[in-house]
Amino acid sequence: MAERTIVCIGCPKGCEIHVKYEGHEVIEMTGNTCKRGEDYVRNEITHPLRMVTSIVPVEGSEFKTVPVKTRSDIPKEKIFDVMRELTHVKAKAPVKMGDVILENVAGTGIDIVATRSV
Ligand code: SF4
């Protein structure tokens, strides 16, 4: 059986949740003070997700880069694949906040979108 202590990011309280698990099965959980914490830890054990933020170069603008992010969370194990793909991406001005900069990044089905207009 494995054990971990995970800090919940569901709210500023930051509860430290201790979890015992085998494979993807949660055996025991203590320290969460609400259901959101329980859900967060279950996701962390079974299929952790993350939002990825970065910047990419932009051509034709006074700004050299544009900030971007995944439109929604992606599987944590895909973060390095996403970052690797982003090293080959250049945006062209004008870019509006929310514009798709890269579709289906790293085969996740999730797009990379601009988080600022430049
Ligand atoms: S368990 Fe609930 S109260 Fe604690 S940090 Fe997570 S969301 Fe906040």
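A short reminder: the numbers here are calculations on the coordinates, not readings from a lab. What you see is a predicted model, and the numbers here were worked out from it, not measured in a lab. In this analysis, Cβ positions are derived from the backbone assuming ideal geometry, glycine residues included, and neighbour counts consider all displayed protein chains.
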Seminar exercise, completed: Which residues qualify? For V7, with a placed amide H closer than 5 Å and at least 5 residues away or on another chain, they are I17
Problem set entry | Which of G23, T115, P94, positive extreme of dipole for the chain (C-beta unit charges) | P94
Seminar exercise, completed: Residues whose built amide H sits under 5 Å from the amide H of I74, excluding neighbours closer than 5 in sequence, are R50, M51, V52
Problem set entry | Packing rank of 102-108, 59-65, where each peptide gets the mean count of other beta carbons within 10 Å, highest leading | 102-108, 59-65
Problem set entry | region 2-46: radius of gyration over Cα atoms, expressed as a fraction of 2.2 N^0.38 Å | 1.01
Problem set entry | Size of electric dipole in region 63-114: Cβ of Lys, Arg +1 and of Asp, Glu -1, about Cα centre, debye, nearest 20 | 260
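If you average 1/r over every pair of different alpha-carbon atoms in region 1-106 and take one over that average, what Kirkwood value in Å do you get?
16.1
What is the order of K69, K13, fewest Cβ neighbours within 10 Å to most?
K13, K69
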For this session: Go through K35/K76; K20/K76; K20/K69; K35/K69; K13/K96 and tell me which ones have a Cα-Cα distance over 25 Å in this structure.
Result: K20/K69; K35/K69; K13/K96
Seminar exercise, completed: Taking a crude spin-label model, label points 7 Å out from Cα along the C-beta direction, the M51 to R4 distance in nm is 2.1
Exercise. From the backbone phi of region 103-114, what are the Karplus-calculated ³J(HN,Hα) couplings (6.51 cos²θ - 1.76 cosθ + 1.60, θ = phi - 60°) in whole Hz, Gly and Pro given as x?
Worked result: 7, 6, 4, 6, x, 7, x, 10, 8, 8, 10, 6
Problem set entry | Per-residue HN-Hα couplings for region 69-83 [Karplus 6.51, -1.76, 1.60; θ = phi - 60°; Hz; x = Gly/Pro] | 7, 5, 4, 8, 5, 10, x, 3, 5, 9, 4, 5, 5, 5, 5
